[in-house]
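To start, the structure itself, in C-alpha coordinates.
The values are calculated or read from the model by the stated rules, or taken from the named source; none is laboratory data. Quick caveat: nothing in here was measured; it's all calculated off a predicted structure. Note: ideal-geometry Cβ built from the backbone for every residue, glycine included; neighbour counts use all protein chains shown.
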Amino acid sequence: MMFASGQLMAADAVGIHDAHIHYDKDMWRSLPAADAIQMLRQENIQRALVSSTPTEGAEKLYREAPDMVIPMLRPYSSWRHRYFWHKDPALKAYLLAQLKQIPYRGIGEFHVFGKAADSLPVEQMIDIARQHHLVLHAHTDLEGMQILLDKAADLDVIWAHGGGNVDEKYLTRFLQQYPRFYIELSLREHMLDHAEILTPQWRGMLTQYSQRFLLGSDTYKPRRWAELTETVADTRHWLGQLPVSIVADIARNNFDRLFPKLNNSESQ
(Lines give C-alpha, C1' and ligand atoms only; values in the text may rest on other atoms or scores of the structure.)
Protein backbone atom coordinates (compact mmCIF):
# COMPACT_ATOMS: atom_id res chain seq x y z
CA MET A 1 0.00 0.00 0.00
CA MET A 2 1.35 3.41 -0.97
CA PHE A 3 0.95 6.58 1.07
CA ALA A 4 1.18 10.16 -0.12
CA SER A 5 4.41 11.85 0.97
CA GLY A 6 2.38 14.77 2.29
CA GLN A 7 0.38 12.42 4.49
CA LEU A 8 3.54 10.95 6.01
CA MET A 9 5.14 14.37 6.46
CA ALA A 10 2.03 15.62 8.24
CA ALA A 11 2.29 12.75 10.71
CA ASP A 12 5.96 13.62 11.27
CA ALA A 13 5.02 17.17 12.25
CA VAL A 14 1.92 16.54 14.33
CA GLY A 15 2.04 17.15 18.06
CA ILE A 16 1.29 14.06 20.09
CA HIS A 17 0.11 13.30 23.60
CA ASP A 18 1.83 10.33 25.18
CA ALA A 19 -0.15 8.08 27.52
CA HIS A 20 2.77 6.01 28.83
CA ILE A 21 5.81 7.78 30.26
CA HIS A 22 7.73 6.54 33.32
CA TYR A 23 10.32 8.52 35.27
CA ASP A 24 11.66 5.95 37.71
CA LYS A 25 14.35 6.41 40.33
CA ASP A 26 17.07 4.91 38.14
CA MET A 27 16.74 7.98 35.86
CA TRP A 28 16.69 10.81 38.39
CA ARG A 29 20.46 11.37 38.59
CA SER A 30 21.38 10.82 34.95
CA LEU A 31 18.34 12.65 33.56
CA PRO A 32 17.20 15.51 35.81
CA ALA A 33 13.55 16.47 35.63
CA ALA A 34 14.17 19.59 33.54
CA ASP A 35 16.14 17.55 30.99
CA ALA A 36 13.44 14.89 30.83
CA ILE A 37 10.83 17.53 30.08
CA GLN A 38 13.07 19.02 27.41
CA MET A 39 13.43 15.60 25.77
CA LEU A 40 9.67 15.26 25.59
CA ARG A 41 9.28 18.72 24.12
CA GLN A 42 11.95 17.99 21.50
CA GLU A 43 9.82 15.10 20.25
CA ASN A 44 6.77 17.41 20.09
CA ILE A 45 5.13 15.50 22.93
CA GLN A 46 2.81 18.17 24.25
CA ARG A 47 1.10 16.33 27.11
CA ALA A 48 2.05 13.09 28.86
CA LEU A 49 0.74 10.66 31.45
CA VAL A 50 3.61 10.12 33.87
CA SER A 51 3.95 7.45 36.53
CA SER A 52 6.97 6.22 38.41
CA THR A 53 8.40 3.86 41.00
CA PRO A 54 8.60 5.32 43.57
CA THR A 55 5.87 7.81 42.75
CA GLU A 56 8.06 10.81 43.62
CA GLY A 57 9.30 10.71 40.04
CA ALA A 58 5.88 11.64 38.71
CA GLU A 59 5.73 14.42 41.26
CA LYS A 60 9.13 15.74 40.12
CA LEU A 61 8.07 15.95 36.47
CA TYR A 62 4.67 17.41 37.35
CA ARG A 63 6.24 20.21 39.39
CA GLU A 64 8.69 20.87 36.55
CA ALA A 65 5.95 21.13 33.88
CA PRO A 66 2.39 21.11 35.24
CA ASP A 67 1.16 22.28 31.85
CA MET A 68 2.49 19.10 30.22
CA VAL A 69 2.49 16.36 32.86
CA ILE A 70 -0.64 14.50 33.92
CA PRO A 71 0.51 12.57 37.01
CA MET A 72 -0.60 8.97 37.49
CA LEU A 73 -0.30 7.22 40.85
CA ARG A 74 1.25 3.78 40.89
CA PRO A 75 -0.21 1.60 43.65
CA TYR A 76 3.21 0.34 44.71
CA SER A 77 5.97 2.21 46.47
CA SER A 78 8.90 0.07 45.26
CA TRP A 79 9.71 -2.56 42.67
CA ARG A 80 9.43 -5.22 45.36
CA HIS A 81 5.96 -3.97 46.27
CA ARG A 82 4.97 -4.35 42.62
CA TYR A 83 4.68 -8.11 43.10
CA PHE A 84 2.27 -8.11 46.05
CA TRP A 85 0.52 -4.71 46.08
CA HIS A 86 -2.74 -6.34 44.96
CA LYS A 87 -2.93 -8.29 48.23
CA ASP A 88 -1.49 -5.64 50.55
CA PRO A 89 -4.04 -4.68 53.26
CA ALA A 90 -2.26 -1.32 53.62
CA LEU A 91 -2.88 -0.37 49.98
CA LYS A 92 -5.94 1.80 50.63
CA ALA A 93 -4.14 3.93 53.22
CA TYR A 94 -1.12 4.28 50.92
CA LEU A 95 -3.21 5.48 47.98
CA LEU A 96 -5.19 7.98 50.05
CA ALA A 97 -1.98 9.42 51.50
CA GLN A 98 -0.32 9.77 48.10
CA LEU A 99 -3.36 11.44 46.55
CA LYS A 100 -2.78 14.40 48.86
CA GLN A 101 0.62 15.17 47.34
CA ILE A 102 -0.34 16.51 43.90
CA PRO A 103 -3.50 16.41 41.73
CA TYR A 104 -3.17 12.87 40.44
CA ARG A 105 -5.52 12.13 37.54
CA GLY A 106 -5.41 8.36 37.53
CA ILE A 107 -4.03 5.15 39.05
CA GLY A 108 -1.47 3.23 37.04
CA GLU A 109 0.28 1.97 35.17
CA PHE A 110 -0.20 -0.99 37.51
CA HIS A 111 0.67 -4.64 36.94
CA VAL A 112 -1.75 -7.39 37.93
CA PHE A 113 -2.53 -10.66 36.19
CA GLY A 114 -5.25 -13.25 36.09
CA LYS A 115 -7.24 -13.96 39.23
CA ALA A 116 -4.92 -11.71 41.25
CA ALA A 117 -7.09 -8.84 40.01
CA ASP A 118 -9.99 -10.27 42.01
CA SER A 119 -8.89 -9.14 45.48
CA LEU A 120 -10.14 -6.82 48.19
CA PRO A 121 -7.25 -4.33 47.83
CA VAL A 122 -7.92 -4.08 44.08
CA GLU A 123 -11.60 -3.47 44.78
CA GLN A 124 -10.65 -0.78 47.30
CA MET A 125 -8.39 0.83 44.68
CA ILE A 126 -11.26 0.86 42.20
CA ASP A 127 -13.54 2.44 44.82
CA ILE A 128 -10.95 5.16 45.42
CA ALA A 129 -10.73 5.78 41.68
CA ARG A 130 -14.52 6.04 41.55
CA GLN A 131 -14.69 8.48 44.48
CA HIS A 132 -11.88 10.67 43.14
CA HIS A 133 -12.84 10.49 39.44
CA LEU A 134 -9.59 8.81 38.46
CA VAL A 135 -8.72 6.84 35.33
CA LEU A 136 -7.30 3.32 35.65
CA HIS A 137 -4.29 2.29 33.53
CA ALA A 138 -3.70 -1.46 33.76
CA HIS A 139 -0.92 -3.71 32.52
CA THR A 140 -2.66 -7.07 32.61
CA ASP A 141 -3.63 -10.16 30.68
CA LEU A 142 -6.98 -11.11 29.18
CA GLU A 143 -8.36 -12.66 32.36
CA GLY A 144 -7.20 -9.77 34.49
CA MET A 145 -8.71 -7.18 32.17
CA GLN A 146 -12.04 -8.96 32.13
CA ILE A 147 -12.08 -8.92 35.95
CA LEU A 148 -11.17 -5.23 36.07
CA LEU A 149 -13.78 -4.26 33.48
CA ASP A 150 -16.46 -6.19 35.33
CA LYS A 151 -15.56 -4.36 38.55
CA ALA A 152 -15.05 -0.93 36.97
CA ALA A 153 -17.37 -0.74 33.96
CA ASP A 154 -18.44 2.74 35.10
CA LEU A 155 -14.86 4.05 35.03
CA ASP A 156 -12.45 4.95 32.25
CA VAL A 157 -10.04 2.01 31.95
CA ILE A 158 -6.94 2.00 29.73
CA TRP A 159 -5.29 -1.28 28.72
CA ALA A 160 -1.53 -0.72 28.55
CA HIS A 161 0.05 -2.12 25.38
CA GLY A 162 -3.38 -3.17 24.13
CA GLY A 163 -2.86 -6.42 25.98
CA GLY A 164 0.53 -7.08 24.38
CA ASN A 165 -0.19 -10.02 22.11
CA VAL A 166 -3.86 -10.61 23.03
CA ASP A 167 -5.86 -11.56 19.94
CA GLU A 168 -7.54 -8.60 18.29
CA LYS A 169 -10.96 -10.26 18.49
CA TYR A 170 -10.93 -9.70 22.26
CA LEU A 171 -9.97 -6.05 21.83
CA THR A 172 -12.90 -5.60 19.47
CA ARG A 173 -15.27 -7.31 21.88
CA PHE A 174 -14.17 -5.10 24.77
CA LEU A 175 -14.47 -1.98 22.60
CA GLN A 176 -18.01 -2.97 21.72
CA GLN A 177 -19.07 -4.02 25.21
CA TYR A 178 -17.43 -1.36 27.40
CA PRO A 179 -17.84 2.23 26.16
CA ARG A 180 -15.28 3.55 28.66
CA PHE A 181 -12.55 1.09 27.66
CA TYR A 182 -9.46 2.50 25.92
CA ILE A 183 -6.42 0.88 24.33
CA GLU A 184 -2.93 2.33 24.74
CA LEU A 185 -0.54 1.18 22.03
CA SER A 186 3.02 1.25 23.37
CA LEU A 187 4.84 -1.99 22.54
CA ARG A 188 1.69 -3.56 21.11
CA GLU A 189 2.62 -6.59 19.03
CA HIS A 190 1.49 -7.58 15.52
CA MET A 191 0.10 -4.20 14.42
CA LEU A 192 2.40 -4.08 11.39
CA ASP A 193 3.27 -6.60 8.71
CA HIS A 194 6.76 -7.51 7.50
CA ALA A 195 6.85 -4.30 5.41
CA GLU A 196 6.00 -2.14 8.45
CA ILE A 197 2.50 -1.48 7.14
CA LEU A 198 -0.58 -1.62 9.35
CA THR A 199 -2.34 -4.94 8.91
CA PRO A 200 -5.85 -4.73 7.43
CA GLN A 201 -7.29 -5.83 10.77
CA TRP A 202 -5.51 -3.10 12.71
CA ARG A 203 -6.23 -0.43 10.13
CA GLY A 204 -9.91 -1.36 10.30
CA MET A 205 -10.00 -1.35 14.09
CA LEU A 206 -8.14 1.97 14.39
CA THR A 207 -10.53 3.48 11.85
CA GLN A 208 -13.77 2.10 13.30
CA TYR A 209 -12.85 2.87 16.92
CA SER A 210 -10.62 5.87 16.34
CA GLN A 211 -11.83 7.59 19.53
CA ARG A 212 -10.71 4.75 21.79
CA PHE A 213 -6.95 4.57 21.18
CA LEU A 214 -3.99 6.34 22.81
CA LEU A 215 -0.31 6.55 21.94
CA GLY A 216 2.49 5.60 24.30
CA SER A 217 6.28 5.35 24.48
CA ASP A 218 6.75 3.40 27.76
CA THR A 219 10.07 4.69 29.08
CA TYR A 220 10.23 1.91 31.66
CA LYS A 221 14.03 1.64 31.65
CA PRO A 222 16.94 3.99 30.83
CA ARG A 223 17.36 2.50 27.36
CA ARG A 224 13.79 3.47 26.47
CA TRP A 225 14.58 7.10 27.33
CA ALA A 226 17.73 6.87 25.19
CA GLU A 227 15.65 5.52 22.30
CA LEU A 228 12.79 8.00 22.66
CA THR A 229 13.43 9.68 19.29
CA GLU A 230 13.33 6.32 17.48
CA THR A 231 10.25 5.18 19.41
CA VAL A 232 8.32 8.32 18.53
CA ALA A 233 9.45 8.06 14.89
CA ASP A 234 8.14 4.49 14.72
CA THR A 235 4.79 5.67 16.10
CA ARG A 236 4.60 8.50 13.59
CA HIS A 237 5.35 6.03 10.81
CA TRP A 238 2.18 4.01 11.32
CA LEU A 239 0.15 7.09 12.23
CA GLY A 240 0.99 8.48 8.81
CA GLN A 241 -0.82 5.54 7.23
CA LEU A 242 -4.17 6.72 8.58
CA PRO A 243 -6.53 9.53 7.48
CA VAL A 244 -5.73 12.93 8.98
CA SER A 245 -8.91 13.07 11.07
CA ILE A 246 -8.11 9.72 12.66
CA VAL A 247 -4.53 10.78 13.32
CA ALA A 248 -5.84 13.78 15.26
CA ASP A 249 -8.04 11.58 17.46
CA ILE A 250 -5.36 9.01 18.26
CA ALA A 251 -2.52 11.51 18.58
CA ARG A 252 -4.27 14.09 20.80
CA ASN A 253 -8.06 14.31 20.95
CA ASN A 254 -8.78 11.07 22.79
CA PHE A 255 -6.18 11.96 25.40
CA ASP A 256 -7.71 15.41 25.86
CA ARG A 257 -11.19 13.97 26.28
CA LEU A 258 -9.95 11.65 29.01
CA PHE A 259 -7.77 14.28 30.65
CA PRO A 260 -9.19 17.75 30.01
CA LYS A 261 -6.92 20.59 31.03
CA LEU A 262 -7.45 21.85 34.57
CA ASN A 263 -7.81 25.49 35.47
CA ASN A 264 -5.00 27.21 37.37
CA SER A 265 -6.49 26.67 40.82
CA GLU A 266 -6.85 22.93 40.21
CA SER A 267 -3.29 22.46 38.97
CA GLN A 268 -1.48 23.96 41.94
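Inside the stretch 162-210, residues that are acidic (Asp, Glu) and in contact (Cβ under 8 Å) with a residue 40 or more places away in the chain make up a count of 2. Please verify whether residue 130 is on the phi < 0 side of the Ramachandran plot, under 19 Å from the mean Cα position of the chain (by Cα) and surrounded by fewer than 16 Cβ atoms within 10 Å (Cβ to Cβ), treating the condition exactly as stated. Here the answer is yes, as residue 130 does meet what is asked. Taking the criterion of being touching a residue at least 40 places away in the same chain (Cβ under 8 Å) and not in a helix (DSSP H, G or I), the residues of the stretch 220-260 that qualify are 220, 221, 240, 241, 242, 259. With respect to the stated conditions, residue 208 is surrounded by fewer than 17 Cβ atoms within 10 Å (Cβ to Cβ) and either more than 22 Å from residue 107 (Cα to Cα) or hydrophobic (A, V, I, L, M, F, W, C) (or both). It is to be established whether one or more residues within the stretch 181-197 are part of a helix (DSSP H, G or I), surrounded by fewer than 16 Cβ atoms within 10 Å (Cβ to Cβ) and of a type in the set (D, E, K, R). No, there is no match, as no residue in the stretch 181-197 is part of a helix (DSSP H, G or I), surrounded by fewer than 16 Cβ atoms within 10 Å (Cβ to Cβ) and of a type in the set (D, E, K, R).
Inside the stretch 223-248, residues that are crowded, with 20+ Cβ neighbours inside 10 Å and charged (D, E, K, R) make up a count of 1.
Per-residue answers, yes or no, for (1) within 13 Å of residue 159 (Cβ to Cβ); (2) without any contact (Cβ under 8 Å) to a residue 12 or more places away in the chain; (3) not hydrophobic (A, V, I, L, M, F, W, C):
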{"position": "104", "(1), (2), (3)": "no, no, yes"}
{"position": "111", "(1), (2), (3)": "yes, no, yes"}
{"position": "116", "(1), (2), (3)": "no, no, no"}
{"position": "119", "(1), (2), (3)": "no, no, yes"}
{"position": "129", "(1), (2), (3)": "no, no, no"}
{"position": "137", "(1), (2), (3)": "yes, no, yes"}
{"position": "144", "(1), (2), (3)": "yes, no, yes"}
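The residues in the stretch 94-117 that are aromatic (Phe, Trp, Tyr) and over 21 Å from the mean Cα position of the chain (by Cα) can be counted, and the count is 1. Look at (1) more than 25 Å from residue 54 (Cβ to Cβ); (2) touching a Lys or Arg at 6+ places or on another chain (Cβ under 8 Å); (3) surrounded by fewer than 21 Cβ atoms within 10 Å (Cβ to Cβ) and you find that residue 218 fails only one, number (1). Checked against the criteria, residue 119 does not count as hydroxyl-bearing (Ser, Thr, Tyr), touching a strand residue (DSSP E or B) at 6+ places or on another chain (Cβ under 9 Å) and at pLDDT 95 or above. A single member of 94, 104 is crowded, with 17+ Cβ neighbours inside 10 Å and assigned to a loop (DSSP other than H, G, I, E, B), and it is 104. Mind checking whether some residue in the stretch 29-47 is crowded, with 24+ Cβ neighbours inside 10 Å and part of a loop (DSSP other than H, G, I, E, B)? No, there is no match, as no residue in the stretch 29-47 is crowded, with 24+ Cβ neighbours inside 10 Å and part of a loop (DSSP other than H, G, I, E, B).
The single condition among (1) surrounded by 14 or more Cβ atoms within 10 Å (Cβ to Cβ); (2) of a type in the set (D, E, K, R); (3) in contact with a Lys or Arg (Cβ under 8 Å, 6 or more places away or on another chain) that residue 256 does not meet is (1).
Being more than 21 Å from the chain's Cα centre (by Cα), over 27 Å from residue 257 (Cβ atoms) and crowded, with 20+ Cβ neighbours inside 10 Å is a description that does not apply to residue 120. For the residues 160, 152, the requirement of being buried (at least 24 other Cβ atoms within 10 Å of the Cβ), among the aliphatic types (A, V, I, L, M) and within 28 Å of residue 59 (Cα to Cα) singles out 160. The requirement of being crowded, with 21+ Cβ neighbours inside 10 Å and not charged (D, E, K, R) is not satisfied by residue 114.
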